[in-house]
Amino acid sequence: MKAPSTKIRFAEAQKLLDYGFSNYTFKEFGKKDQLVTNVKINKGLKSNIDLKLENTVGVILKKGEDKKIEQQMQIEENIFAPIEEGQKLGEMRYVLDGETLVSSDIVATECVEKVNLFSMSKSICYNWINLLRGQ
């Protein structure tokens, strides 16, 4: 900054900091591992699972602009097992005036095994026994 003295340099730096803190703020939209939705799983041992944010998402904004931000969540359609914990199944984006400010992947919170002949037979037997008990 080639100011003539240290005192002037510090004064100019102070003005910049004051401007930044008075006009801008940090807006956090979501924390890492925050649950965002629950989705149906096709052909899995579990019928549905929770999805979470992979990362903390936030951005520095001009004060007042946070009210104009749109949240856009895109989740894959027709999700089939097997699914691994942490597998990406969608994306969360935060948009201001058509421009993406920040985004995070949406991931599975747990594993889901694919249905096989043994697990399907076991499920049918349990359902049949439960029906007999109910009568």
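Read-outs throughout are calculated quantities, based only on the coordinates presented, and are distinct from any laboratory measurement. Remember, predicted model here, so these are calculated numbers, not experimental data. Note: ideal-geometry Cβ built from the backbone for every residue, glycine included; neighbour counts use all protein chains shown.
In this structure, is LYS88 among the basic types (Lys, Arg) and farther than 20 Å from VAL36 by Cα?
no
Can you find a residue that is of a type in the set (Val, Ile, Thr), assigned to a strand (DSSP E or B) and either within 30 Å of LYS114 (Cβ to Cβ) or touching a residue at least 12 places away in the same chain (Cβ under 8 Å) (or both) anywhere in the stretch 22-30? Can you show your working first?
Residues of the stretch 22-30 that are of a type in the set (Val, Ile, Thr), as a first pass: 25.
Checking which are assigned to a strand (DSSP E or B) leaves us with 25.
From what is left, the residues that are either within 30 Å of LYS114 (Cβ to Cβ) or touching a residue at least 12 places away in the same chain (Cβ under 8 Å) (or both) are 25.
Yes.
Select from the stretch 102-131 the residues that are farther than 17 Å from LYS32 by Cα and in contact (Cβ under 8 Å) with a residue 24 or more places away in the chain and list them in ascending order.
Residues satisfying the conditions are CYS111, VAL112, GLU113, LYS114, VAL115, SER119.
Could you count how many residues in the stretch 31-61 are closer than 28 Å to ASP97 by Cβ and of a type in the set (Gly, Ala, Ser)?
Residues flagged as closer than 28 Å to ASP97 by Cβ and of a type in the set (Gly, Ala, Ser) within the stretch 31-61 amount to 1.
Give me a count of the residues in the stretch 76-101 that are of a type in the set (Ser, Thr, Tyr) and free of Cβ contacts under 8 Å to residues at least 60 places away in the same chain.
Residues of the stretch 76-101 of a type in the set (Ser, Thr, Tyr): 94, 100.
Right, trim to free of Cβ contacts under 8 Å to residues at least 60 places away in the same chain and you get 100.
The number of residues fulfilling the criteria is 1.
Of (1) under 16 Å from SER103 (Cα atoms); (2) touching a Ser or Thr at 6+ places or on another chain (Cβ under 7 Å), ASP66 satisfies all except one. Which?
Looking at each condition in turn, ASP66 falls short on (2).
Could you tell me which numbered condition LEU17 fails, if it satisfies all but one of (1) over 30 Å from LYS122 (Cα atoms); (2) surrounded by 14 or more Cβ atoms within 10 Å (Cβ to Cβ)?
Against the list (1) over 30 Å from LYS122 (Cα atoms); (2) surrounded by 14 or more Cβ atoms within 10 Å (Cβ to Cβ), LEU17 comes up short only on (2).
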